[in-house]
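Values quoted throughout were computed directly from the atomic coordinates according to the rules given, and no laboratory measurement underlies them. None of the values given here were measured: they were computed from a predicted structure. Cβ coordinates were reconstructed from backbone atoms using ideal geometry, including for glycine residues, and neighbour counts include every protein chain displayed.
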Amino acid sequence: MDSSEYREHDGLSLAGLLHTKQVLPVDLMEQALALGERCDEAFNALCYLDPEEALAQSRQAQLKGQFGALPFLLKDSGLASTYLRSSVGSRLFADMKSPISATLNERFIADGFISFGRTTVPEFCMAPTTEAAQNGGPTLNPWDQTRSAGGSSGGAAVAVSSGVVPIAHGSDGGGSIRIPAACCGVFGLKPSRGLVPLGPSRGEAWGGLAADGVLTRSVRDTAAALDGVVGMEIGAPYAAPAVPGKYLELLSHEFRRPLRIAKWTEAFDGIPVAPECVAAVEYAANLLEAMGHEVISAPLPDIKYKSFLRSHQDVLAASVTLTVNGKLRSSPDAEWRSKLEPAIADAYDIGKTLSAETYALAINRFHAIARQMEVYMSGYDLVLSPTLTQLPAKLGVMSMETDFRSFRNTVGEYTTFLAIINASGQPAANVPVYWTDTDLPVGVQLIGRFGHEADILRVSAGLEEAAPWAERYSRLKLTV
């Protein structure tokens, strides 16, 4: 198998070749490592590669789970691995080692994934663009290298779109799976709160906003990956509704009736939405109507967006303070402040001064949004919206070389449709059905009711069939 053939397959297709002994695990790993090296040189998307360990694991691999022994990448978000170091995109946390493996990582391993490195992130995963100083420069969008790959799972989206791996780990606390999926033209689903385990070292992240998942080239790969990792974890503070069956099997089930889908083309507080982003929604709406569903132009829920942004900032700042103080208690560093980017250093100071009342108010505000969204969606099965309010951002536009609140206010105007769904805990996915005339992806978002991932996956699979995107990936050339 050469690199061109490897890049034509999605994860389940490669797994099929493994299970039928048409290829060996080490054959796939050799291709992934070679492509990874070229991808990193071209786009600065990977870090903490461990080729020797990966090749050793592949040579010894016994096929297991759905994916057999498939090359995989963990996000540099700190998801614990006993052999891959992490930095969380920060010079202060460079080269962290973990004595344990996260529950999610163990489930990835059990389902047949072999991780050979990590993917780049912004510092502390707190930006919609991946331009961390720790990475030595920005992670570039493979479709337009003057633009951001998105964040915080920016490196993961680049690795998947460019074909290094068909599936990569991501996480999402304010759009961090959906943003880069939109920027790089891949499928990315944020699961419902409590569906995917966060332990064993923590029960929640960012006040319940954050969830782990994957970014993929095909909808079926996301469905299959979820089948391997979902389920309750002992002691977890949240639980999603029971899964209705195997997601992969549910993809082929027809809906018993047409779905009612609310369509949003305007943003909260009159925030401008680029015409290309509106065009993407209208294009997807036409596809959905052709599939037999009812798409309704609907008013936005009555969410006080500026108040929510403030609460989101407060919880993120508190998280920065907690994280930095934990590092300093275990490993004092006299130069620690100079190792943080300006916006994150400012967030640390904000977090130190937050009152308990302010933090509690923020959490209550998130819970109120969850109730609002569930009531709002009582009349709809799904919501269709732009993923981002603008085209993928130009590099340097959302810099951390400023104060934290100014930075996050700018982010809030770019990701207006995303973080509220982290607050509500609902599932949501970027679906890459629309591209500009210049081959730039423009994502649309499908939002589902809490615990209704299957609806999103089934509709997304229909959109993938109606407007296939897989053939576009062959246009990306990994040359430096």
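Points to keep in mind about this one:
- Zone of Thr146's modelled label, taken as backbone nitrogen in the range 375-398 under 17 Å from a point 7 Å along Cα→Cβ: 391-398
- In this simple spin-label approximation, Thr410 and Ser355 carry label points 7 Å from Cα along the Cα→Cβ vector, and these lie 3.1 nm apart.
- Whole-Hz Karplus values for the range 200-214 come out as x, 8, 8, x, 8, 9, 6, x, x, 6, 8, 9, 9, x, 9 Hz, taken residue by residue from phi with 6.51 cos²θ - 1.76 cosθ + 1.60 and θ = phi - 60°; glycine and proline positions read x.
- Per-residue HN-Hα couplings for the range 399-409 [Karplus 6.51, -1.76, 1.60; θ = phi - 60°; Hz; x = Gly/Pro]: 7, 8, 7, 7, 6, 5, 5, 4, 4, 6, 5
- Mean-position separation - Cα centroids, the range 1-62 and the range 364-435, in angstrom: 33 Å
- Qualifying trypsin sites (Lys or Arg not before Pro) in the range 1-68, DSSP loop, other Cβ atoms within 10 Å at most 15: Lys21
- The range 3-475 - percent relative contact order, Cα under 8 Å, separation 6 or more: 17 percent
- Segment Lys304-Arg371, extension gain: residue separation times 0.36 nm, minus the distance between their alpha carbons: 22.8 nm
- Multiplying the residue separation of Asn325 and Ser201 by 0.36 nm and subtracting their alpha-carbon distance yields 43.0 nm.
- Counting other Cβ atoms within 10 Å as a rough exposure proxy, the listed residues Ile420, Ile303, Ile114 run Ile303, Ile114, Ile420 from fewest neighbours to most.
- Estimated FRET transfer efficiency (Thr82, Asp2; beta-carbon r; R0 35 Å; 0.05): 0.60
- FRET E, pair Arg256, Ile296, Förster distance 25 Å, beta-carbon r, rounded to 0.05: 0.85
- Long-range lysine pairs (8 or more apart or interchain), the chain, Cα under 17 Å: 6
- Using the Stokes-Einstein relation with a Kirkwood hydrodynamic radius computed over Cα pairs, the translational diffusion coefficient of the chain at 4 °C and a viscosity of 1.567 mPa s comes to 59 µm²/s.
- Residues whose placed amide H lies under 5 Å from that of Val433, excluding near-sequence neighbours: Val444
- Theoretical gain in end-to-end length, Asp403 to Asp27 [0.36 nm per residue, Cα-Cα removed]: 130.6 nm
- Distance in nm between pseudo-label sites at Lys246 and Arg59 (7 Å out along the Cβ direction from Cα): 3.4 nm
- For the range 181-241, fraction of C-alpha pairs farther apart than 14 Å, in %: 56 percent
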